[in-house]
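Beneath this line is the structure, given in structure tokens, with notes to follow.
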Amino acid sequence: MTAPTDDWSTRHSVLTNARRTAALINVLTGNSTGTGTGDQPPPHPNAVAEVLREYGELDPIEITPADITRMRATALLLREVFAVEHIDPAAAALNRLLREHTGPLRLTSHGGSAPWHPHLDRHDDAPWDEWFLASSCLALTVLLWDRQRPPGGLCASPTCQNVYITQGPGPTRRYCSRRCATRERVAAHRRGQRDGQSLSPAPESGRRP
């Protein structure tokens with residue numbers, strides 16, 4: 001018996017999977033405190049499992065430190081898609097990942113436990129890093145195809161550099177969160193005030209000739 005289609009589709013929509021990709025990249029590469037280079041200490045497996053639960057994965061979720069090491073390497077590969085600002089290099093980056101790291105497109109129902117859906121990993125019991133890369137490539141490819149623009153970007157805040165998923169109409173998004181956008185606006189305002197003060201004429205002395 002398969003899971004209810006409506007509930008499953010909500011938990012595993014393309015946009016949800018893409019957002020999960022961004023969340024996993026950020027927790028795996030230490031972007032909350034670093035610059036996305038993977039030079040931060042690796043996260044605890046429980047932290048990664050919590051992100052997976054948040055985005056619809058069901059228990060038991062068993063992740064080892066060795067899995068984390070391989071998933072971090074995968075996250076750095078996926079960051080290349082977010083690091084470009086135009087559709088052509090984003091498509092080129094995805095094509096390279098699809099060509100070098102994923103299996104052929106296939107349909108699976110996980111033995112009848114879920115509705116039929118596409119996968120790019122080589123089998124249903126693929127290791128976490130292979131699943132992470134394949135499912136992420138699939139979601140990001142569909143978003144690029146659907147919207148004809150890069151599926152995501154890097155936060156413009158130099159103290160953050162989280163990745164994020166672009167979505168919806170409107171101006172181009174530059175920050176991963178309102179918090180980062182507000183922090184940078186405040187910083188720019190303060191810089192402007194300091195620059196204005198440094199350029200203002202020196203006050204005249206109170207002495208008269």
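The values are calculated or read from the model by the stated rules, or taken from the named source; none is laboratory data. None of the values given here were measured: they were computed from a predicted structure. When we count neighbours, we look across all protein chains shown, and the Cβ atoms used for this are built from the backbone with ideal geometry, even at glycine. Heavy atoms of the whole protein, side chains included, go into the accessibility calculation; ligands, DNA and RNA do not. Shrake-Rupley method; radii C 1.70, N 1.55, O 1.52, S 1.80 Å.
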(request) Kindly list the number of the only condition in (1) under 18 Å from residue 25 (Cα atoms); (2) open to solvent by less than 80 Å² (accessible area, probe 1.4 Å) that fails for residue 87. (result) (1)
(message) Of everything in the stretch 106-155, what is outside any helix (DSSP H, G or I), open to solvent by less than 30 Å² (accessible area, probe 1.4 Å), touching a residue at least 24 places away in the same chain (Cβ under 8 Å) and of a type in the set (S, T, N, Q)? Give them in sequence order.
(response) 109
(message) residue 184 - would you say it is modelled with pLDDT of 70 or more and of a type in the set (D, E, K, R)?
(response) yes
(request) Please tell me if residue 26 is crowded, with 18+ Cβ neighbours inside 10 Å, modelled with pLDDT under 95, polar (S, T, N, Q) and under 21 Å from residue 157 (Cα atoms). (result) no
(message) Name the single residue that is nearest to residue 137 (Cα to Cα) among those in the stretch 54-79 being out of contact with any Leu (no Cβ under 6 Å at 6 or more places or on another chain) and hydroxyl-bearing (Ser, Thr, Tyr).
(response) 55
(request) Could you please tell me which pairs satisfy a Cβ distance under 9 Å, a separation of 6+ or placement on different chains, a first residue in the stretch 52-76 that is of a type in the set (S, T, N, Q), and a second residue that is in a loop (DSSP other than H, G, I, E, B)? (result) 69/42
(message) Quick check on the stretch 58-69: of everything there that is out of contact with any Lys or Arg (no Cβ under 8 Å at 6 or more places or on another chain), of a type outside the set (S, T, N, Q) and surrounded by fewer than 16 Cβ atoms within 10 Å (Cβ to Cβ), which residue is farthest from residue 99 (Cα to Cα)?
(response) 60
